[in-house]
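Here is the structure we will look at, set down as C-alpha cells.
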Amino acid sequence: MPQSVRLYRSSVPGPDTGGVTLMIEYADMRSYGLRTDFENKNEEWRKLFQAQPDSPETLLSVELLTQLS
C-alpha cells in the first residue's frame, strides 16, 4: 500500500491550471511493483478504474520519481 497520497493543483492562475497532479508515494520500488502487479492482474480493480466514455478525467502521463537528498 502507498505511504501517502497527495493531490495538487496549480496555485497560479493561467491557461494551464485546469489539470491536477496526483502523487502516490511508496516506501520503495518493490512496494510499487507489488501494488502495480496487483492492479494489473485484478480484473475487478481494472473495471472499477477504467476510463468511461463520459469520464471527465484524462491520464496524461505517469512518472517514477526519486527524491534527491
Check your understanding: Just one of (1) 1.39; (2) 1.34; (3) 1.30 is Cα Rg over 2.2 N^0.38 Å calculated from these coordinates, so which is it?
Key -> (2)
Point to revise | Calculated from backbone phi, Karplus (6.51, -1.76, 1.60) coupling profile of region 54-69 in Hz, x at Gly/Pro | key: 9, 5, x, 9, 9, 6, 9, 6, 10, 10, 9, 10, 10, 6, 8, 10
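Rule-based calculations on the coordinates, nothing more; no lab input. Please read these numbers as outputs of a predicted model, since none were measured by experiment.
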